[in-house]
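Below you'll find the structure, written out as structure tokens, and then a few comments.
The values are calculated or read from the model by the stated rules, or taken from the named source; none is laboratory data. All of these numbers come straight from a predicted model, not from anything done at the bench. So basically every Cβ, Gly included, is an ideal-geometry build from the backbone, and we count neighbours across all protein chains shown.
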Amino acid sequence: MMITNSECAQRSIVKAPLQGKRFDPTSIVLHWLTVILIVGQFTTAWLREGVGHGTSLVPALLAAHRTMGMMTWSVALARVFWRIRFAYLPPFPESMPKLQQWIAKANEYALYTLLLMQPITGFGEVVLHGRPFTLFIWQVPALLAPDVAIRSLFVKAHEVGGYALLVLIGLHASAALFHWFVLRDSVLQRMLPSSITARSQ
């Protein structure tokens, strides 16, 4: 089947505006990698509470939670660096009110802050327990003497941060779905993989 020059031109005209409204591929990959890690972290945290603290699954769940926490911190740091130095940030749709744009940016910055802080408070909680712990495939010896008072602050900060992160993610996802299903603009498409975006056309 032959494609005429006019058909090629029409396709390029259709694709060009969408490409200009999308984040760059690296930003998209880092975003969805973060999503996978966050889902894994909340899953391991909830499973740990569900199975109880005395079962044989707890050490494995804690090790997985810590490992994904360090990976999340590394990915979040990479995202901040990439965003500042190299990322392409597509503009919001012209129809989007300035207040909504400001709220979206505030939510995004708050998410970045929590993605960087949560692993730190979690690591502080572990280290101040004063016991060896597993991270990735390594057994890490006790790094500090136990400090119940300071550790309790890290425990509380990690707990509150987890709830705050869950709320912000819920708002972020709800807003994206609202733009997709109700407003029918390109906000969600900006961060979708290109294969999914192509099928939705």
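Considering only residues that are surrounded by 15 or more Cβ atoms within 10 Å (Cβ to Cβ), in contact (Cβ under 8 Å) with a residue 40 or more places away in the chain and of a type outside the set (Val, Ile, Thr), which ones fall in region 71-81?
Hits for region 71-81 are Trp73, Ala76, Arg79.
Given (1) closer than 26 Å to Ala176 by Cα; (2) surrounded by fewer than 14 Cβ atoms within 10 Å (Cβ to Cβ), where does His53 come up short, assuming only one miss?
With respect to (1) closer than 26 Å to Ala176 by Cα; (2) surrounded by fewer than 14 Cβ atoms within 10 Å (Cβ to Cβ), His53 is out only on (1).
Just to be sure I understand, how many residues within region 113-136 are crowded, with 16+ Cβ neighbours inside 10 Å, assigned to a helix (DSSP H, G or I) and either in contact (Cβ under 8 Å) with a residue 24 or more places away in the chain or touching a helix residue (DSSP H, G or I) at 6+ places or on another chain (Cβ under 8 Å) (or both)?
11
Would you check if there is a residue in region 8-26 being under 20 Å from Phe123 (Cα atoms), modelled with pLDDT under 95, over 15 Å from the mean Cα position of the chain (by Cα) and not in a helix (DSSP H, G or I)?
Residues of region 8-26 under 20 Å from Phe123 (Cα atoms): none.
No: zero hits.
For Leu77, state whether it is modelled with pLDDT of 95 or more and in a helix (DSSP H, G or I). Don't jump to the end; show me each part of the working.
Numbers: modelled with pLDDT of 95 or more: yes; in a helix (DSSP H, G or I): yes.
For Leu77, the condition - modelled with pLDDT of 95 or more and in a helix (DSSP H, G or I) - is met.
Suppose the filter is touching a residue at least 24 places away in the same chain (Cβ under 8 Å) and surrounded by fewer than 12 Cβ atoms within 10 Å (Cβ to Cβ); does Phe86 pass it?
Details: touching a residue at least 24 places away in the same chain (Cβ under 8 Å): yes; surrounded by fewer than 12 Cβ atoms within 10 Å (Cβ to Cβ): yes.
So Phe86 passes the test.
Looking at region 139-169, which of its residues are closer than 18 Å to Trp73 by Cα and not aliphatic (A, V, I, L, M)? Lay out the reasoning, then the answer.
So in region 139-169, the residues closer than 18 Å to Trp73 by Cα come out as 154-155, 157-166, 168-169.
If the condition is that a residue be closer than 18 Å to Trp73 by Cα and not aliphatic (A, V, I, L, M), then Phe154, His158, Glu159, Gly161, Gly162, Tyr163 are the ones that fit.
Can you name every residue in region 82-134 that is of a type in the set (Val, Ile, Thr) and closer than 16 Å to His179 by Cβ?
Ile103
Among the residues in region 142-152, are any surrounded by 15 or more Cβ atoms within 10 Å (Cβ to Cβ) and either in contact (Cβ under 8 Å) with a residue 60 or more places away in the chain or touching a helix residue (DSSP H, G or I) at 6+ places or on another chain (Cβ under 8 Å) (or both)?
There is at least one residue in region 142-152 that is surrounded by 15 or more Cβ atoms within 10 Å (Cβ to Cβ) and either in contact (Cβ under 8 Å) with a residue 60 or more places away in the chain or touching a helix residue (DSSP H, G or I) at 6+ places or on another chain (Cβ under 8 Å) (or both).
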